[in-house]
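Only the coordinates and a few stated rules stand behind these numbers; no lab work does. Since this is a predicted model, take the numbers as computed values, not measurements. Neighbour counts run over all protein chains shown; Cβ positions are idealised from the backbone, glycine included.
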Amino acid sequence: SSPKSFQPNGTSEEALRCEIEELKQKDLALDREIAQLLSEGYSLEELDKHISLLHEYNEIKDAGQMLLGKLAVIRGVTTKQLYPEYDLELSD
């Protein structure tokens, strides 16, 4: 029998569980950060503005990643190989 972790679609149940756990940890960390900012005197209104700007940034970043991915497929290279061409850092 094949190992449980291997699935034809390349995503194992274990990997998904790990991802879910990571997201839970990030969620807790964000909750702590928000509580910290509130305790430092930031208003919820200010935080809402920051949050909407972050959402906008993430949407732009996701669209950029998707386009880079499509370009990489067309050229037959990895996405990371395109980064220097567009002056992107791997952390971008």
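Structure data summary
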{"quantity": "Principal-axis tilt of helix 44-75 within the chain, Cα atoms, nearest 10 degrees", "calculated": "10 degrees"}
{"quantity": "Helix axis angle, 13-39 relative to the chain longest principal axis, alpha carbon, degrees", "calculated": "20 degrees"}
{"quantity": "Counted charge near residue 20, where neighbours are those whose Cβ lies closer than 13 Å (Asp, Glu -1; Lys, Arg +1)", "calculated": "-3"}
{"quantity": "Expected 222 nm ellipticity per residue - DSSP helices of 4 or more, -39500 (n - 2.57), all of the chain, to 500", "calculated": "-23500 deg cm²/dmol"}
{"quantity": "Fully extended contour minus Cα-Cα distance, from residue 88 to residue 55, at 0.36 nm per residue", "calculated": "9.9 nm"}
{"quantity": "From the coordinates shown, Kirkwood radius over Cα pairs in Å corresponds to which of (1) 12.9; (2) 16.9; (3) 18.1", "calculated": "(2)"}
